[in-house]
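Colleague: The structure is given below, and queries will be raised subsequently.
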Amino acid sequence: MFGTFLIPFFLLSFNLVKKWYSIETTHFVLYYYEGLEDFVQRSAQFLEEKAYHHVVNTLKNPLDRKTHIVFLDVDDIGNGFAIEIFDQIVIFAADIYYVPLRGRHPWLEDVLTHEFSHIVALRKAKKTSRYVPAVFISGGLFCGIGKGSLCSISLSERQATLVGGFGFGLPPYSEPAYFTEGIAQLVTAELGHDALDSYRNMILRTLLYHKKIYPLKYLWNFEAKQAWEGEIVYNHGFSFLYFIKENYGWDAILRTIDCASGVFNFSYESCFEKATGEKFSELENKWKNWLYATYQEQISRFEQSQGKLQGKLLKLEKQKVGLYERNIYYVYLPKYYGNGFFVIQDGVLMYYEGDRKPQKVFGRVNSYAVSGTYIAISFFKPTKKFIFFAAIPEEYFQLSLGRIEIEEKKGVKEERKMKIKDLKDIAKRASFPDFSPDKKFLVYVKNELDSRNIFVYDIEKGKEYRITKFSSGKQFTFPKFSQDGKFIIASYFDGKKQDIVIIPFEPETENIIDDEKELIFITQDKFEDRDPQFISADTVAFSSDRDGVFNIYVKNLKSGETWKITEEISAALFPDFSTEGILYVSFEPEGFRVRELKTLKDNWILVEKSEPVLLNKENIKVVQNENPSEKENYSQTYQFYARRAGLLSLSSPLFIPILGLT
């Protein structure tokens, strides 16, 4: 039944929705559809000129056949996966930045190297051959029954009966998940497109400080790991293999893989022991001690602050799933509103107000903005379009504008219901909105493959204006208006580092910025700066990892003074300022949580004094990027020509059954 259905399904699945094309290089075949041409051309150049040779030389395992890569642009959250048995990789064009789990790395180079490393590493660790990916043998003990037989079990004469059985399986590899993900990240880091960045260190350092580092034996798979808990597998594996490389060399990792490729070698622990000459338990203890030494400076600084620069944890309500309370995992973008605050809690926009029961306001939320009774919400909304027939639906961020209405029950003082009315769609693939002070404009960023640009929506005219036009992986995030509405402040990622920039906003002139020279740089350093906002006419605040931990800083543009105002052991992200204090998000061993810090300027720490930045429009001093990012300059040795992909040529014939039927 399954077989008769599979063939017609396969024939119906291709080319009914998109026009597919392919590019064939020396080592890869790339498949894509209209709209992805630039992304795929850049990918082909990077794969041939850098990634292929780096990965196979690092892992010492050249491939004897081409790898097939399918490119998709179906949502606004980056992803990718590799299927070694089919020589296949699937890449999603959008990046993965909006949840604070991974640092700033160029998405195209990062995801391609990572997934191709899976193919090469798993091929090296494989126990079986190309043509026999897995073996399973089963059998049984049968007993023939006859009159007078000692084996009189059957109810009828001369009927064979199964009295026992056995089974033996040989999987293609026995690699634990922490090793699979750790080696891919480590190989990518060696090429300069990944790192044990401040987000990964945030999770590791926090768990270490609270004595909750996971034993590696619990990280063999992703089973029972929800939301950010899956990131523990990545972080622990990356950190442990980095420790092995630094202390025992790359050869120790390669010897471990070679050992594990043995037909009857299923224990990576014993293979680590053979490769390093030490007991695995000793290796784990040494790794933990290495982590303590790595984080000692940040831990000491946090303990010396005695909590003066750490906010108080605010209680959040766990949501019930059936009869059980679900843990709170992702929490971000807290914002003061009225006598309480909004926050996105595991994708649900919640409102907390004193002792009142928390309210669920809207679901599947990515980001939002509130101003008075106006609310703008970016949420996941399927388009009801498919990349293939009946497989892989498109689902993008939808930015919509509405108003907040509070309904109070008559005679019941404590019961008030917050509702969103008159919701109107205004922009697709848009997120991180912010209202101008006069509520006439809404600024936001839009995904454009692996880039993000700033747009402004005129609420009265119902018209959208493009503010920036950058490409090749350059991105703007977290845009906000100044308090007079004349400037937009945002984070700007140039492909290598992320700084804070300011852009003059003139609604009557449609001037599109496409050059870094037109940006006013507020920060210019190797650190990752994010979450910027004006807190007065000449003062901006932002979060930065300049001391190894994301903390909140305030910079006076006139004096050039920068002050550190939080001291966290984990991180201080998504700050929101008001006269009440500062709301921000920290990471705790249980998940992300909201903290509130009452601002006491006496506790602030002066960390820097730089040149002032003047924002008077008639006298703007444009601070040019002293070290502008250069686009990856690939040579023109390779010329890639696209051709239409035929009905049966889109990668492995098993691609559609995998994505369409599972």
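The values are calculated or read from the model by the stated rules, or taken from the named source; none is laboratory data. Since we're looking at a predicted model, the values are computed, not measured. Positions of Cβ are generated from backbone atoms using ideal geometry, with glycine treated the same way; all protein chains shown enter the neighbour counts. Heavy atoms of the whole protein, side chains included, go into the accessibility calculation; ligands, DNA and RNA do not. Shrake-Rupley method; radii C 1.70, N 1.55, O 1.52, S 1.80 Å.
Colleague: What is the distance in Å between the Cα centres of segment 116-139 and segment 65-97?
Modeller: 20 Å
Colleague: Let me ask something else. Kindly state, to the nearest 0.05, the FRET efficiency for ARG301 paired with SER129, given R0 = 51 Å and r defined as their beta-carbon distance.
Modeller: The formula returns an efficiency of 0.40 here.
Colleague: Right, something else. With the crude spin-label approximation of a point 7 Å out along Cα→Cβ, what separation in nm comes out for ALA537 versus GLU611?
Modeller: 2.4 nm
Colleague: Another question, if that's okay. Filter LYS469/LYS609; LYS245/LYS279; LYS225/LYS286; LYS463/LYS496; LYS564/LYS598 down to the pairs with a C-alpha to C-alpha distance above 23 Å, please.
Modeller: LYS469/LYS609; LYS225/LYS286; LYS463/LYS496
Colleague: Compute the relative contact order of segment 358-508 as a whole-number percentage, counting only Cα pairs closer than 8 Å that sit 6 or more residues apart in sequence.
Modeller: 15 percent
Colleague: A further question on this structure: Please state the shape class of segment 405-507: rounded when a/c is under 1.5, otherwise prolate if a/b exceeds b/c and oblate if not, all from the C-alpha gyration tensor.
Modeller: Cα axes put segment 405-507 in the prolate bin.
Colleague: Considering the zone a paramagnetic label at VAL99 would reach in this model (a point 7 Å from Cα along the Cα-to-Cβ line), which residues of segment 204-232 have amide N under 14 Å from it?
Modeller: 225-232
Colleague: While we're on this one: Between GLU223 and LYS60, 0.36 nm times their residue separation minus their Cα-Cα distance comes to what?
Modeller: 55.6 nm
Colleague: If you don't mind, there's one more thing I want to ask. Once phi is turned into θ = phi - 60°, what whole-Hz ³J(HN,Hα) does the Karplus curve with 6.51, -1.76 and 1.60 give for every residue of segment 309-319, x standing for Gly and Pro?
Modeller: 10, 10, x, 8, 5, 9, 6, 10, 8, 6, 8
Colleague: Okay, moving on. How much length is gained on full extension from GLU24 to GLU464, taking 0.36 nm per residue of separation minus their Cα-Cα distance?
Modeller: 154.5 nm
Colleague: Which aspartates and glutamates does LYS308 reach when only Cα atoms under 20 Å apart count, and residues fewer than 8 places away in its own chain are ignored?
Modeller: In chain and number order, the partners are GLU297, ASP545, ASP547, GLU567, GLU568, ASP576, GLU580, GLU588, GLU596, ASP602.
Colleague: Note the full-extension length gain between THR383 and TYR292 as 0.36 nm times their separation in residues minus their Cα-Cα distance, in nm to one decimal.
Modeller: 28.0 nm
Colleague: Summarise the accessible area of segment 289-382 (1.4 Å probe, protein heavy atoms) by the percent that is carbon and sulfur.
Modeller: 51 percent
Colleague: Here's another thing I want to ask about it. Within 10 Å, count the other beta carbons around each residue, average over each peptide in 515-525, 298-308, and list them highest first.
Modeller: Order by mean packing, descending: 515-525, 298-308.
Colleague: Using modelled amide H (1.01 Å from N, peptide plane; none on Pro or chain starts), what sits under 5 Å from the amide H of LYS127, excluding residues fewer than 5 places away?
Modeller: Excluding prolines and chain starts, which carry no amide H, the hits are TYR173.
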